Amino acid sequence: MLNNKNIFLKKKILIYGLGKSGLSAFKYLKKNNELYLYDDKKVDNKSKEVKKKLIKYEGIKKKKIDYIIISPGININKCRLSKFLKKNFKKIYTDLDIFCSHYTKNKKITITGTNGKSTTASILYKILKDQKFDARLVGNIGNPVLSEKNISNKTIFVVEASSYQLEYSKLFRSDISVILNISPDHLERHKTLKKYIKAKFKIFKNQTNKDYAILNTNNFYIKREMKYQKFSSKVIKINKYIDVEFLKKVNNPYFYSDGNRENLSFIIQIIKIFKIMKNLYSNSPASFLQSSALIIASICIIILRYPSFLLQPRMWAEESIYYETFFSNPSFMDGFDAMIYPAYYVLISRIVGLLASLVDPKNAALVTTICGLIVLLMPLVIIILGKSKYWSTIDQKIVLSAFLIFSCSTGEIWMNSTNVGFIMAVVTFLILIDENPGNYYKKSLYMLLLFLAILTGPISLLMSPFFLYRFLQKKEPVYLIYCALFLILGLFQISYFLVSHNLETVGSINRGIFMNNSIMDSFFYWIAPNILFPILGYFVSNGFKTLAVLGSQNPEQLISMSQSLPYNFSEVIGLAIFLLPMLAIILGGIVLAIYVYFFRHSDSNERVYLLILFAYLSILLTVLSLGGQGGIRYSYVTSFILMFFLLQRFALLKSGIERNIIKTVVSLSLLIGILEYYPRVISFSPDFRSSQESEWPNWKNEVAIWKENPSHQVRIWPHLRQDTNIWPARSEVWTVDLNNDKTWDSQGGFRYSEELSIFFQDGSN
């Protein structure tokens, strides 16, 4: 690979600037040259080899130097060697020049521009790798151009070149050179826009008639400068961006972002040169088979978590009210007047109740369970079958699916229609961050899902500001339609909220709970389900919250409980209670520090759609979930957003401590989620009966008894004895009366009020 005719052999060379590019140049040239190293700043590198080659400022003029290799960050007008460099300007070269002098037989594709360089270069690199080319991503992104190892003649270099790198280069030549766009930038370095443009256009200087120059002639500055430039290469003008219809044919997920359509126009021209265009079209059979296998595997894992949910179908809590109302009312509209949550409309649960009422009563629970399973699969199907830059590869699809199934899962939402609003919130989140508007069918599907989500609870509606931000950012018509859906359906939900039954009671209860909590307790109620649960699992998070709140509100009870243990832990418990405030402060400080760090080191999309959304939803849902006492189901969407964010951070990092920390966290999260997968659902199954004398009711058996004795009240889950300690002490309220007409006033309102009163009298969860 080494070209012995290159000029950088057996020379005395000064390397000015010892950053990544400078040190890579040193390592590359040290075998065949006499090198001197210099940097304006103190060199922290403790390598004896580097220290040995360091030269002092006073000694530079005394040396006979053939060439000067200057780092991109050096501005010859504002550096310590300014006069020396100007005097010896003809001797100044860059690592790009060394690179081109040595690797003469390798294809080089170089991309520059004011905006979009990294995105375009990364996409192109990924495409070449997917097509089994030995591609390397170097330059201003990836490794320095001289750091790559194991180079062959077939290696293709994708180079991201900045104006700083091009400014002082003399020998650099690229087979394909691209300028994406130009706008005023880096004028503090280049002084004038003219000099900045001149630096960019050096990318074409040494090209031959075998090379290609690709330019964006829609850009004013590029179009103007082309009048004064002479090109030896073949010029390709980009003046029309890829049509949306083309995207329907493309199988590469990196093209789906609206912001990448301009970049795609350049990439298409490049891959035409490489004659790999055909590989971008149509769906891959292997990919389809992988996705199908993943869906089947997900269904099996969900069902195998607790097969009795299907083998012995149940109705869970509130979904029974919708069923019995539709079953007992001959009028279709009277059935839709049923409402368990007096504060908002729950459309999917109503539809499920209607469907269940249309079959034989003995099969009604099977209908509600299957419908619950279908809704549970919705976010998984979006990820597995969908195409987005966030879930493009099969590995990404598997990991995200695993988090939804294991790390963020809770038994409360598993295979029932009562809690579908929490699942639909995840669906809404996935639609929000999916940057691929897709074709007509995908847009229509997303509109339908948003329609269902917004009318199935307030959580999805809470995300409306972020959809508005997305529209203002992208200006895509589809996001305007999404915003219109939120506006119209949101007004309906708000109106429903204002006229709903028992609103005053519910509102006062929520206010009372939250206002009565101390700041410390509120913090415990927030951090346990939203931070600790997705990372450390249900039992750690719930144990922490229980001990922390109990220690804060009723330390005597906690000490008394400790005395019943095999050993007397009262002193330890007392110390723990004493340390709880300090623990809260420490945990709060850690969470805040992490949040600030991630916010400062994340791009704008991550900040808005992930970090801010997580903070926004987690705080609001803590308040809405009975002041943080409403169960772990409220953190299903926020847990997933947190883990989703960590995965995106992990993907962006090449190496370092942060990457290793995130890798440990997400691995631990999945491991604990898998270990707790079955135990988390136990409390919502017949296997968890504690001190109860009877088994939880079997729906089919209960219906058979009712058919023989119409006065029988069909018992449903959770059917708990009054003396149980699993749930708040209550009478046997969870039953279904299939004999009389039901309305919200006569059944739902009564039951809801009774449940709330019992709950708050008990004061537990």
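The values are calculated or read from the model by the stated rules, or taken from the named source; none is laboratory data. This one's a predicted model, so the numbers in the text were calculated from it and none came from an experiment. Note: ideal-geometry Cβ built from the backbone for every residue, glycine included; neighbour counts use all protein chains shown.
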*asked:* Being surrounded by 21 or more Cβ atoms within 10 Å (Cβ to Cβ), touching a strand residue (DSSP E or B) at 6+ places or on another chain (Cβ under 8 Å) and within 20 Å of LYS272 (Cβ to Cβ) is true for just one of LEU166, LEU180. Which residue is that?
replied: LEU180
*Name the pairs whose Cβ atoms lie under 8 Å apart, with the first residue in the stretch 64-79 and more than 18 Å from LYS170 (Cβ to Cβ), the second among the small types (Gly, Ala, Ser) and exposed (fewer than 15 other Cβ atoms within 10 Å of the Cβ), and 6 or more positions between them or separate chains?*
GLY73/GLY19
*Taking ASN45 as the residue in question, decide whether it is surrounded by fewer than 18 Cβ atoms within 10 Å (Cβ to Cβ) and either at pLDDT below 85 or in contact with a Cys (Cβ under 6 Å, 6 or more places away or on another chain) (or both).*
yes
_Single residue of the stretch 76-113 satisfying the filter (among the aromatic types (Phe, Trp, Tyr) and farther than 16 Å from LYS202 by Cβ) that is surrounded by the fewest Cβ atoms within 10 Å (Cβ to Cβ)_ = PHE84
*Count, please, the residues in the stretch 464-488 that happen to be among the hydrophobic types (A, V, I, L, M, F, W, C), out of contact with any Phe, Trp or Tyr (no Cβ under 7 Å at 6 or more places or on another chain) and modelled with pLDDT of 90 or more.*
5
*Among residues belonging to the stretch 410-430 that are of a type in the set (A, V, I, L, M, F, W, C) and in a loop (DSSP other than H, G, I, E, B), point out the one that is surrounded by the fewest Cβ atoms within 10 Å (Cβ to Cβ).*
TRP414
*Meets criteria (of a type outside the set (D, E, K, R), modelled with pLDDT under 90 and in contact with a helix residue (DSSP H, G or I) (Cβ under 6 Å, 6 or more places away or on another chain)) for THR325*: yes
*Residues in the stretch 439-463 that are within 19 Å of the chain's Cα centre (by Cα) and surrounded by fewer than 19 Cβ atoms within 10 Å (Cβ to Cβ): how many?*
0
*For the stretch 586-607, which residues satisfy the criterion of being in a helix (DSSP H, G or I), at pLDDT below 70 and closer than 20 Å to ILE657 by Cβ?*
GLU606
*Give the residues of the stretch 142-163 that are touching a helix residue (DSSP H, G or I) at 6+ places or on another chain (Cβ under 7 Å), assigned to a loop (DSSP other than H, G, I, E, B) and buried (at least 19 other Cβ atoms within 10 Å of the Cβ), sorted by residue number.*
PRO144, VAL145, LEU146, ALA161
